[in-house]
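Encoded as structure tokens, the structure appears first; notes follow it.
The values are calculated or read from the model by the stated rules, or taken from the named source; none is laboratory data. Keep in mind that what you see is a predicted model, and the values were worked out from it rather than measured. Backbone-built Cβ (ideal geometry, glycine too); neighbour counts: all protein chains shown.
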Amino acid sequence: MKFYYFHLMPYVMEHEEPSSWVTLSNRHYDPEVGRGRYHEYLDQLEYAEKLGWDGLCVNEHHQNCYGTMPSPNVMAAMLVRRTSRAKIAILGNGLPLRENPLRIAEEIAMLDVVSGGRVISGFVRGIGPEYFSLAVNPTHSRERFYEAADLIIRAWTEEGPFPFDGRFFRYPYVNPWPRPLQKPHPPVWCPSQGSTETVEWAAQRRFPYLMVFTPIKRIAQIYGEYREACERYGYTASRYQLTVNLPIVVAENDAKAYEIARENVLWVYNVGLRMRTPFYLPPGYVTETSLRRVLANRPKPPTELTFDDLEAGGYIIVGSPATVRDKLKVFSDELKAGIVCSGLNGGSHEKTLEMMELFAREVMPHFREDAHVDETAGVGR
Amino acid sequence: MRGTPVHLLSDGTGPALLFLHGAGAAGRWLPFQEQLAQHFTVYAPSHPGHGGAPAVEWIEHISDLAFHYLDLLDELGLDRVHLAGASLGGWIGAEIAVMASQRLSSLVLIDPVGIKVNGWIYPFLFGMELPQLISTVFHHPEAALALAPKDQSIDTLAELYRQNAALARVAWNPHLYNPLLRRRLPRITAPTLLCWGEHDQVSPLLCADAWAKEIPGAQLVTFRESGHAPHLEEPEAVAAAVIAFCLRQKSAP
């Protein structure tokens, strides 16, 4: 199994406002504090490569304290020059959120060339509140996503210049310099929470599917749907097309791990993902079929999740190295996921670095039967 | 109609009056329409996607709704009508009027949105939870009860989501206006009445002044106990003003 180190780069803080997104005033953001955190977070990602992680992940969110990376490509650029081996996975760029998505094709190509072909390019729609922060019409979200993805992939693969004439994006000359180093183009991943339409779209194109912050039962169900769709498109999914993103807390024994997790993991769900109801599902952002499925299941909002919900639901992995190994075996052996994208959180920078060392020493080596395999060969393009 | 289903409520006798509802008021026959129906044949269609009417893919701009209603007038064989529209319906009414003023015996706009007014930014309604939305739209919050959904079933919630999406398609960004509309308003030749709630917090009296300035000869009447929806908060007074104004204009035979 491959291990990718995922960072949200949160601005961890407590507050009483109804939303950590869109309307949480940026007066709460202290740039001096932010500076220190950015450097700690980047140090953690760089250290992860030294410890043996296969990939380093950044992502895009806007106007919130949950994740302070409005431009993931900026963070990727910082990592590219400070690392030499690990994949740099941008998970991902919010395609519909860009007024000019040809800029994404250019930026990813730049990163790919400088990194010597280590870039993985996630394509996402962005979550609900993003449509409020950037004022993009959510009823256009899906169509803009497909159209921008088509544009970017054509820009990477077709000899320019050529014209592109879409509903939302139109160019007389598509001809980006540089072209990406990887052939035919950097692998594309689809981080998602399991909408039927995205599963189909990704499976058809062999784009790896990444389940983000989802309970394990639902992961199993969506993996099943994805594999079945791949079969329908005439091929069998590689294990490196099935990826999961979930937080891991490991410590020398279970009791210690639980203590650390109780203190640090809930924040992401209870505070980081707190938002006003209208922000969750902006109008037209999901299809009516998806909406009805959400309404029928009525999942608990993140703010109401308790530690026991996270533990029992398999949203997180917590325990001693032996316990964590057993829980990861469910992903590697039963769900047959090929890549685990996880951030670790020890509560402070130093403790996080220690936790990373423990994980690299006691957990990672037990899953290294595929150490020689390039997980990006033949998938994502 | 041209492949687009139309949900239409109609009652009354007399000259034809097309009533275009505001967001959230589709498919309801309220005291305001009932009073108009004493003097007019009232046609009250639901905008596509609103109030249970099916959403329509081709409607992606406010002018599409204006063409949709011009098609409806053709379909109903109505050469000229009185047109009254509230809020979003007023915006659509104004779009119709700049295209085809000759088909309107009169134009009544009740707290319309739709134009850019210097010094005012329409509050972002899509970001509001229900209590805030009600206190923004209504001066007397109890008036909102007339528009309460019938239940909280999945069907009802899906219908509300569809309605919100239909509104978002035409009004997310720019929020609640068409940048081209204001400069076209001087084209309106139909006699025009502007009805305005004095406590409107969506499109306040500042906006009324801009509308009155742009539409030649427009009259403005204000309602003291109303916010953004005077026809719901003071239906008798607004209906009386509308009826008196329209009856003074020459109707189609």
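Does B:LEU181 satisfy being closer than 29 Å to B:GLU142 by Cα and surrounded by 15 or more Cβ atoms within 10 Å (Cβ to Cβ)? Criteria not met by B:LEU181.
Please indicate, with yes or no, whether at least one residue in the stretch A:169-188 is within 30 Å of B:ARG162 (Cβ to Cβ) and within 14 Å of chain B (Cβ to nearest Cβ). Looking through the stretch A:169-188, none of the residues is within 30 Å of B:ARG162 (Cβ to Cβ) and within 14 Å of chain B (Cβ to nearest Cβ). Considered as a group, the residues in the stretch A:265-277 that are closer than 23 Å to A:THR68 by Cβ and either without any contact (Cβ under 8 Å) to a residue 60 or more places away in the chain or more than 20 Å from the chain's Cα centre (by Cα) (or both) include one that is surrounded by the most Cβ atoms within 10 Å (Cβ to Cβ), and that residue is A:TYR269. The number of residues in the stretch B:101-146 being out of contact with any His (no Cβ under 8 Å at 6 or more places or on another chain), closer than 27 Å to B:PRO191 by Cα and of a type in the set (S, T, N, Q) comes to 3.
Filtered by the rule that a residue be surrounded by 15 or more Cβ atoms within 10 Å (Cβ to Cβ) and away from every other protein chain (no Cβ under 14 Å), the stretch B:141-157 gives B:ALA143, B:ALA144, B:ALA146, B:LEU147. The number of residues in the stretch B:1-45 that are loosely packed, with under 15 Cβ neighbours inside 10 Å and of a type in the set (Phe, Trp, Tyr) comes to 1. State whether one or more residues within the stretch A:168-182 are assigned to a helix (DSSP H, G or I), touching a His at 6+ places or on another chain (Cβ under 9 Å) and not basic (Lys, Arg). Taking every residue of the stretch A:168-182 in turn, none turns out to be assigned to a helix (DSSP H, G or I), touching a His at 6+ places or on another chain (Cβ under 9 Å) and not basic (Lys, Arg). A:THR196 meets each of the listed conditions (1) β-branched (Val, Ile, Thr); (2) under 28 Å from A:VAL373 (Cα atoms); (3) surrounded by fewer than 18 Cβ atoms within 10 Å (Cβ to Cβ) apart from (2). For the stretch B:202-214, the count of residues that are within 14 Å of chain A (Cβ to nearest Cβ), surrounded by 15 or more Cβ atoms within 10 Å (Cβ to Cβ) and charged (D, E, K, R) is zero. Filtering the stretch A:134-156 to residues that are within 14 Å of chain B (Cβ to nearest Cβ) and in contact with a helix residue (DSSP H, G or I) (Cβ under 9 Å, 6 or more places away or on another chain) leaves A:LEU134, A:VAL136, A:ASN137, A:PRO138, A:THR139, A:HIS140, A:SER141, A:ARG142, A:GLU143, A:ARG144.
Residues of the stretch A:81-95 include at least one that is crowded, with 24+ Cβ neighbours inside 10 Å, closer than 30 Å to A:GLU369 by Cα and charged (D, E, K, R). Within the stretch B:194-212, the set of residues being under 15 Å from the mean Cα position of the chain (by Cα) and of a type in the set (S, T, N, Q) comprises just one member, B:SER203. Restricted to helices (runs of 4 or more DSSP H) entirely inside the stretch A:232-319, those with at least 3 residues that are more than 14 Å from chain B (Cβ to nearest Cβ) are A:254-264, A:307-313.
What do you reckon, is A:PRO321 loosely packed, with under 14 Cβ neighbours inside 10 Å, of a type outside the set (A, V, I, L, M) and either within 16 Å of A:LYS50 (Cβ to Cβ) or touching a residue at least 60 places away in the same chain (Cβ under 8 Å) (or both)? No.
For the stretch B:80-95, the criterion of being surrounded by 17 or more Cβ atoms within 10 Å (Cβ to Cβ), touching a Phe, Trp or Tyr at 6+ places or on another chain (Cβ under 9 Å) and among the β-branched types (Val, Ile, Thr) is met by at least one residue. Filtering the stretch B:1-24 to residues that are touching a helix residue (DSSP H, G or I) at 6+ places or on another chain (Cβ under 9 Å) and over 22 Å from B:ASP79 (Cβ atoms) leaves B:HIS21, B:GLY22, B:ALA23, B:GLY24.
Kindly establish whether A:SER121 is buried (at least 18 other Cβ atoms within 10 Å of the Cβ), within 14 Å of chain B (Cβ to nearest Cβ) and modelled with pLDDT of 95 or more. Answer is no for this residue. Just one of the numbered conditions (1) touching a Lys or Arg at 6+ places or on another chain (Cβ under 6 Å); (2) in a helix (DSSP H, G or I) is not true of A:LYS336: (2).
When A:TYR315 is tested against (1) crowded, with 18+ Cβ neighbours inside 10 Å; (2) farther than 30 Å from A:SER20 by Cβ, exactly one condition is not met: (2). Being in a strand (DSSP E or B) and aromatic (Phe, Trp, Tyr) is the filter; apply it to the stretch A:1-30 and report the residue that is nearest to the other protein chains (Cβ to nearest Cβ). Among residues in the stretch A:1-30 that are in a strand (DSSP E or B) and aromatic (Phe, Trp, Tyr), the one nearest to the other protein chains (Cβ to nearest Cβ) is A:TRP21.
Checking each residue of the stretch B:184-193 against the condition of being over 19 Å from B:GLN102 (Cα atoms) and surrounded by fewer than 22 Cβ atoms within 10 Å (Cβ to Cβ) gives no match. Cβ-Cβ contacts under 8 Å between residues 6 or more apart (or on different chains), taken from a first residue in the stretch B:218-231 that is within 13 Å of B:LEU205 (Cα to Cα) to a second residue that is among the β-branched types (Val, Ile, Thr) and in a loop (DSSP other than H, G, I, E, B), are listed as B:GLY227/B:VAL202; B:HIS228/B:VAL202. Within the stretch B:158-169, being farther than 18 Å from B:MET128 by Cβ and more than 9 Å from chain A (Cβ to nearest Cβ) holds for one residue alone: B:GLU159.
Considering the stretch A:114-142 alone, what residues qualify as being among the basic types (Lys, Arg) and part of a helix (DSSP H, G or I)? Scanning the stretch A:114-142 gives a single hit, A:ARG142.
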